[in-house]
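Q: Before I ask anything, here is the structure I am working with.
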Amino acid sequence: MRKLLKQTGILVLSIAFIGALSSCEATKNASNAQKGGVIGAAGGAVLGAIIGNQIGSSKNNQVIGGVIGGVVGGTAGVLIGNKMDKQAQKIEEEIPGAQVERIDDAIVITFDEGSGVYFATNKYDLNEQSRTNLDKLSGVMKEYADTNILVVGHTDSTGPYEFNMTLSKNRAQAVTNYLQGKGISSGRFTTQWYGPDAPTHDNSTPEGRAKNRRVNVAIVPNEKMIEDAKKEAGEN
């Protein structure tokens, strides 16, 4: 379970909700948080899931890190984790093809060519199946309204660099615009893009390139969720 669950009382509570959500693959993936520890304590694991080993201090990384924030500890962190686990489980149920990970306090969803939201070659229009899956995702986002949403676009390394940067921007923006069009507040969204600069797979293979042509969606607790959890835990 997450590193923040250290105290005995917290551990007992965490075991209870892990048992209830044991079928949720995203909950099982929570231990993946350790893989991003080299990036830094504040949102490092989530940033690592989105941009792989490209952990430099670029402006995009700083923006993303600001959205993600740090990990909430104590009983408040357990309460937040419980809510995020339930949300991740529902996303997995609604969109079976999506890759859903629970990392620190966040949910990271990866949509590549084989997982629910994809684009034709060199295009950024959402097809019917992609719209259907985003409809389902928007429903979950409305149900769990106390979150912020980060959308990040990527491409593989083939083709002109500037074209790929623009393509990743347009694809990320297409996802953001569609979700906003479903009635989700624009104030919850931050949209970023990396073009070919943040591969998570080998661009020398067709399979790797297909995985790198992706859009990540990270869902993180907003200030209201954090403050409500602290009040419920008596930590304010």
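Q: Can you find, within the stretch 98-140, the residue that is surrounded by the most Cβ atoms within 10 Å (Cβ to Cβ) among those that are under 15 Å from the mean Cα position of the chain (by Cα) and small (Gly, Ala, Ser)?
A: 106
Q: In the stretch 52-108, what count of residues is obtained for those that are in contact (Cβ under 8 Å) with a residue 40 or more places away in the chain and assigned to a helix (DSSP H, G or I)?
A: Going residue by residue through the stretch 52-108, those that are in contact (Cβ under 8 Å) with a residue 40 or more places away in the chain are 52, 54, 60, 63-64, 67-69, 71-92, 94-95, 100-108.
Next cut, assigned to a helix (DSSP H, G or I) only: 60, 63-64, 67-68, 74-92, 94.
Within the stretch 52-108, residues that are in contact (Cβ under 8 Å) with a residue 40 or more places away in the chain and assigned to a helix (DSSP H, G or I) number 25.
Q: Continuing with the same structure: With respect to residue 117, is the statement that it is hydrophobic (A, V, I, L, M, F, W, C) and assigned to a helix (DSSP H, G or I) true?
A: no
Q: Among 165, 141, which is the only one that is at pLDDT 95 or above, over 15 Å from residue 217 (Cβ atoms) and of a type in the set (A, V, I, L, M)?
A: It is 165.
Q: Could you tell me whether the stretch 54-75 includes any residue that is surrounded by fewer than 21 Cβ atoms within 10 Å (Cβ to Cβ), touching a Ser or Thr at 6+ places or on another chain (Cβ under 8 Å), more than 28 Å from residue 183 (Cβ to Cβ) and modelled with pLDDT under 80?
A: no
Q: Can you report the number of residues in the stretch 178-227 which are under 18 Å from the mean Cα position of the chain (by Cα), not in a loop (DSSP other than H, G, I, E, B) and not basic (Lys, Arg)?
A: 21
Q: Also: What pairs come out if I take residues in the stretch 157-180 that are free of Cβ contacts under 8 Å to residues at least 60 places away in the same chain and pair them with residues that are assigned to a helix (DSSP H, G or I) whose C-beta lies under 6 Å away, six or more apart or interchain?
A: So the pair list comes out as 178/134; 179/138; 180/186.
Q: Would you pick out the residues in the stretch 145-177 that are surrounded by fewer than 19 Cβ atoms within 10 Å (Cβ to Cβ) and part of a loop (DSSP other than H, G, I, E, B)?
A: Selection gives 145, 146, 157, 158, 159, 160.
Q: Next question, about the same structure. Please work out if residue 105 is touching a helix residue (DSSP H, G or I) at 6+ places or on another chain (Cβ under 6 Å) and at pLDDT below 95.
A: Numbers: touching a helix residue (DSSP H, G or I) at 6+ places or on another chain (Cβ under 6 Å): yes; at pLDDT below 95: yes.
The answer is yes for residue 105.
Q: All but one of (1) at pLDDT below 85; (2) in contact with a Lys or Arg (Cβ under 9 Å, 6 or more places away or on another chain) hold for residue 96; state the number of the condition that does not hold.
A: All conditions pass for residue 96, except number (2).
Q: Residues being within 16 Å of residue 124 (Cα to Cα) and among the polar types (S, T, N, Q): count how many of those fall in the stretch 142-157.
A: Total satisfying the criteria: 1.
Q: Answer yes or no: is there a residue in the stretch 204-211 that is polar (S, T, N, Q), at pLDDT 90 or above and surrounded by 14 or more Cβ atoms within 10 Å (Cβ to Cβ).
A: Here is the first cut: in the stretch 204-211, the ones polar (S, T, N, Q) are 204-205.
After this cut, where a residue has to be at pLDDT 90 or above as well, the list is 204-205.
Restricting the remaining residues to those that are surrounded by 14 or more Cβ atoms within 10 Å (Cβ to Cβ) gives none.
No: zero hits.
The values are calculated or read from the model by the stated rules, or taken from the named source; none is laboratory data. On a predicted model such as this, the values are computed, not experimentally measured, just so you know. Backbone-built Cβ (ideal geometry, glycine too); neighbour counts: all protein chains shown.
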